[in-house]
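The values are calculated or read from the model by the stated rules, or taken from the named source; none is laboratory data. Because the structure is a prediction, the values reported are computed rather than measured. Cβ: placed from backbone, ideal geometry, glycine included. Neighbour counts: every protein chain shown.
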Amino acid sequence: MTVIDRTIYDLFKRGSKTYFYSTLFFPPEVKARVFTLYSFVRTADDLVDSVPQRGEDFFSFVDTYREAIDGLSAQDPVIDGFVALQQRFGIDQAWVDAFLHSMALDLSVHRYRTLEDLHVYLYGSAEVIGLMMARLLELPPESYLAARHLGRGMQYINFIRDIAEDSAMGRLYLPEEELERFGLDSLEPEYLRRHPMAFREFIHAQCNHYRGWQAQGEAGYRFIPWRMRLPIITASDMYAWTARRIEHDPFVVFDKKVRPSVPRLVFRFAANSIRPTA
């Protein structure tokens, strides 16, 4: 029986509910790998997302990780567990470095001018997580491009969902040129309520970006064994549900954090499990 460290379990459970409950559907040995990966990226993300931001703690975390890579135990189940995972499954150091770089950007870069500018951040904050997952699932290299697109799309929905939360922290992840395309000067709720049609069109356009990347990500499902594909399809379906919910009422992002309930997620997994395997 695979035992998951309690610290790692609690970190994951406090983070993304969609990822957490979807991951529970993996076979035990795969579930333990995903928990270990997520606890590492969640810890780094929490340090740069805290209010106030904990920049010194983040760089200390990075230094401890670097020392662990060189063979010095961190005496921390999150870091030591991830280093062991990285070495066992051959997770590229460049992917981890890109992730840590994007996390560091959150300490100093709070706006992105163009979608192209944002792609650097998206690669490190989300696409490499998809690549790491592909390694943990032992998928062929042919799956990697799809894994990147799936990660990118899910992260973009998070940006849309978290507009109010990010704005409160002085952040704007959705590119400024996208706002300008619809004649918007701000994502402040009072301003947007005076321009509801432009805001709706803006949100629909951002969801279309997500759907394009999502479709490219789904093209990689064929590389994933069916038993391990189910949790990924289920998580992906829940992100699609989130996009539809926000498109239906874009202003909901200022009222609550849109995310599917656990019963909805479990029902979707059950429905997916009876799909044809072809």
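Conditions tested, residue by residue: (1) without any contact (Cβ under 8 Å) to a residue 24 or more places away in the chain; (2) outside any helix (DSSP H, G or I); (3) touching a Gly at 6+ places or on another chain (Cβ under 7 Å); (4) over 22 Å from Thr242 (Cα atoms).
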| site | (1), (2), (3), (4) |
| --- | --- |
| Leu174 | no, yes, no, no |
| Glu177 | no, no, no, yes |
| Leu187 | no, yes, no, no |
| Glu190 | yes, no, no, yes |
| Arg194 | yes, yes, no, yes |
| Arg200 | no, no, no, no |
| Gln206 | no, no, no, no |
| His209 | no, no, no, no |
| Gly217 | no, no, yes, no |
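In segment 64-80, what residues are surrounded by fewer than 20 Cβ atoms within 10 Å (Cβ to Cβ) and of a type outside the set (A, V, I, L, M, F, W, C)?
Of everything in segment 64-80, those that are surrounded by fewer than 20 Cβ atoms within 10 Å (Cβ to Cβ) and of a type outside the set (A, V, I, L, M, F, W, C) turn out to be Thr64, Arg66, Glu67, Asp70, Gly71, Ser73, Gln75, Asp76, Pro77, Asp80.
Quick check on this structure: which one of Arg193, Arg222 is more than 17 Å from Tyr144 (Cβ to Cβ), surrounded by fewer than 16 Cβ atoms within 10 Å (Cβ to Cβ) and either in contact with a Cys (Cβ under 6 Å, 6 or more places away or on another chain) or not aliphatic (A, V, I, L, M) (or both)?
Arg193
Given the criteria under 29 Å from Ser273 (Cα atoms) and among the hydroxyl-bearing types (Ser, Thr, Tyr), does Tyr121 qualify?
Judged against the criteria, Tyr121 is not a match.
Restricting the search to segment 149-172, which residues are without any contact (Cβ under 8 Å) to a residue 60 or more places away in the chain and in contact with a helix residue (DSSP H, G or I) (Cβ under 8 Å, 6 or more places away or on another chain)?
Correct list: Gln155, Tyr156, Phe159, Asp166.
So Leu230 ticks every box in (1) under 22 Å from Trp95 (Cα atoms); (2) among the aliphatic types (A, V, I, L, M); (3) out of contact with any Lys or Arg (no Cβ under 8 Å at 6 or more places or on another chain); (4) assigned to a helix (DSSP H, G or I) but one. Which box is left unticked?
(1)
Which ones in segment 65-78 are β-branched (Val, Ile, Thr) and either under 19 Å from the mean Cα position of the chain (by Cα) or closer than 15 Å to Ala104 by Cα (or both)?
Val78
Would you be able to tell me the number of residues in segment 240-261 that are modelled with pLDDT of 95 or more and either of a type in the set (A, V, I, L, M) or surrounded by 19 or more Cβ atoms within 10 Å (Cβ to Cβ) (or both)?
7
In segment 147-182, how many are of a type in the set (Ser, Thr, Tyr) and more than 26 Å from Ile232 (Cα to Cα)?
1
How do the pairs read when you match residues in segment 257-269 that are closer than 18 Å to Arg161 by Cα with residues anywhere that are aliphatic (A, V, I, L, M), using Cβ under 7 Å and keeping only pairs 6 or more apart or on different chains?
What qualifies is Val258/Ile246; Val258/Val252; Pro260/Met238; Leu265/Met238.
Can you tell me how many residues within segment 48-74 are touching a helix residue (DSSP H, G or I) at 6+ places or on another chain (Cβ under 9 Å) and assigned to a loop (DSSP other than H, G, I, E, B)?
The total comes to 7.
Read through the list (1) small (Gly, Ala, Ser); (2) in a helix (DSSP H, G or I); (3) in contact with a helix residue (DSSP H, G or I) (Cβ under 8 Å, 6 or more places away or on another chain), then give the number of the only condition that Ala271 fails.
Only one criterion is unmet by Ala271, namely (3).
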